[in-house]
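Take a look at the structure below.
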Amino acid sequence: MTIPGFSNSTSYLKRIIQGVAFLAGIALLVWCVSLALKPENHDALTKLADAPWWQSGGVVALSILSLLINGALFWITLRPVRPLPFISVQATNGVATLLNYLPFKIGLAARFVIHNRRDKVPLLTIAAWLAAGAVGALAVFVPLTATSVWRRTIDPIWAITGIGGILLCALTLWLVARLFAHSQGITRLHVIARRTGLGHLGLSWFLRTSAFGHLHHGFAMLAGWRTVAAIIVMRCCDVAVSAARFKLASLAAGVDLHWDTAILAACVHFVLGVVSPSGQLGMREGGMTWFASLLTIPGVTTGEFAVVALVVGGAELLANLFIGSLGFIVIKPWRLLGSRDERQTS
């Protein structure tokens, strides 16, 4: 049963929240730029302008590599359920990532539209796909972020707790997915619904629907240990590449940013991009700079970190424009708009 006007009211509220979040991102970006342009950061800006080409170019190259790693992660996560062409997934990821700069989650919507209409992947399977990818990312970012905030330096304890936490999260993720995947998993879910009494509230009925069948694919995606291992290793590589971006950007600006801070920045950078309720423009740069202002980074002022964050953000924009443009050429998303009949005649 639906309440008249409730759905429209909720939609309007979401749009208002997303619009406010987009404006907040712009405000954060302006604040970040104003910090970077303060007189005390003149030396950092001067060194950045005189930096060797390989440093600024290296940040762009690493940004491209990070984008390709994330596209490969999408491809390998879906592969156990629905193998898709590698180039197609990379192109779609490039288009969606570029559109993420716009408000109202247009990049996310584009990912759904492209994979549904072009690749014939059901919408709820796409939702399960994104959820599986997010869980796999959290298995890496949560232990690394928590350990980095706690230790604030790379030492044996950081290595043990960080790597050990990742392995523990990965093992838990694989065991839970394996437990509830495939027909045996659905049987276990029915038993849980019956024993907890939730079956009488409609859960048993929902477990038999095709909608749940599509959502249930998320467990199958993570039920294989090889897939989970590949996701964890590739995500760790992405953290290393992203941390290297911050380190290289700091070298270009003459800022003494240590590797422990670079790794923490890489984790926060990713999380801010995921949790942003609207476009990511300004959210990452401003959000990371604000987070840095709450911490005491040895030898680095908040303004100097703002310079580094803007360099990384600018390089990432160039990388996204390059890969996203290639993605538009491959996907031709404008052909996917309109009704089915209109698409068939186009």
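Derivation of every value follows stated rules applied to the coordinates shown; laboratory data play no part. Remember, it's a predicted structure, so these values are computed and weren't measured experimentally. Note that we place each Cβ from the backbone using ideal geometry, even for glycine, and neighbour counts take in every protein chain shown.
Which order results if CYS236, CYS32, CYS169 are arranged by neighbouring Cβ count within 10 Å, fewest first? Before the final figure, lay out each step's value.
Numbers: CYS236 14, CYS32 26, CYS169 19.
Lowest count first: CYS236, CYS169, CYS32.
What's the exposure ranking of SER88, SER242, going from fewest to most Cβ atoms within 10 Å?
Working: SER88 18, SER242 24.
Least to most surrounded, the residues fall as SER88, SER242.
From the convex hull of the Cα coordinates of the chain, what is the mean projected area in square nanometres?
Numbers: hull surface 81.4 nm².
Over all viewing directions, the chain projects a mean Cα-hull area of 20.3 nm².
Please work out the Kirkwood hydrodynamic radius for region 59-128, using every pair of different C-alpha atoms, and report it in angstroms with one decimal place.
Details: mean 1/r = 0.0802 Å⁻¹.
For region 59-128, the Kirkwood estimate is 12.5 Å.
List the lysines whose Cα sits under 17 Å from the Cα of LYS105, skipping any in the same chain fewer than 8 residues away.
Of all the lysines, those that pass the test against LYS105 - Cα under 17 Å, at least 8 places apart if same chain - are LYS14.
Relative to the Cα centre, what is the charge dipole magnitude of region 40-137, using +1 at the beta carbon of each Lys and Arg, -1 at the beta carbon of each Asp and Glu, and rounding to the nearest 20 debye? Don't jump to the answer; show the numbers that get you there.
Values: 8 positive and 4 negative charges, 148 e Å.
Here region 40-137 has a charge dipole of around 700 debye.
Extension gain ASP43-LEU108, at 0.36 nm per residue separation less the Cα-Cα distance, in nm?
Values: separation 65, 0.36 × 65 = 23.40 nm, distance 3.95 nm.
Here the answer is 19.4 nm.
Taking K and R as +1 and D and E as -1, what net charge do the other residues with C-beta under 12 Å from the C-beta of GLY224 add up to? Walk me through the numbers on the way to the answer.
Details: positive: ARG79, ARG178, ARG226; negative: none.
With Lys, Arg at +1 and Asp, Glu at -1, the net is +3.
Calculated from DSSP H runs of 4 or more alone, at -39500 (n - 2.57) each and per residue, what is the 222 nm mean residue ellipticity of the chain, nearest 500? Write out the running numbers ahead of the final one.
Numbers: 16 runs with 270 residues, N = 346.
Per the formula, -26000 deg cm²/dmol.
Arrange the following residues from fewest to most other Cβ atoms within 10 Å of their Cβ: THR153, THR302.
Values: THR153 12, THR302 18.
Arranged by neighbour count, lowest to highest, THR153, THR302 become THR153, THR302.
How tilted is helix 302-331 with respect to the longest principal axis of the chain? Cα atoms for both, answer in degrees (0 to 90, nearest 10).
So the helix axis and the longest Cα principal axis differ by about 50 degrees.
Taking the Cα centre of the chain as origin and charging only Cβ (+1 Lys, Arg; -1 Asp, Glu), how large is the dipole, in debye to the nearest 20?
Working: 27 positive and 13 negative charges, 335 e Å.
So the magnitude is around 1600 debye.
Can you give me the Kirkwood hydrodynamic radius for region 85-183, using every pair of distinct Cα atoms, in Å to one decimal?
Numbers: mean 1/r = 0.0629 Å⁻¹.
It works out to 15.9 Å.
For a quick check of your reading of the filter: which trypsin sites (Lys or Arg not before Pro) in region 101-199 sit in a DSSP loop and have no more than 13 other Cβ atoms within 10 Å? Before the final figure, lay out the partial values.
Numbers: sites: LYS105, ARG111, ARG117, ARG118, LYS120, ARG151, ARG152, ARG178, ARG188, ARG194, ARG195; in loops: LYS105, ARG118, LYS120, ARG152.
When the trypsin sites (Lys or Arg not before Pro) of region 101-199 are filtered for loop state and at most 13 Cβ neighbours within 10 Å, LYS120 remain.
What does the convex hull of the alpha-carbon atoms of region 212-346 project to on average, in nm²?
Working: hull surface 47.4 nm².
Orientation-averaged projected area of the Cα hull: 11.8 nm².
Please state, to two decimals, what the Cα-based radius of gyration of region 156-270 comes to when divided by 2.2 N^0.38 Å (N = residues).
Details: Rg = 20.5 Å, N = 115, 2.2 N^0.38 = 13.4 Å.
That ratio works out to 1.53.
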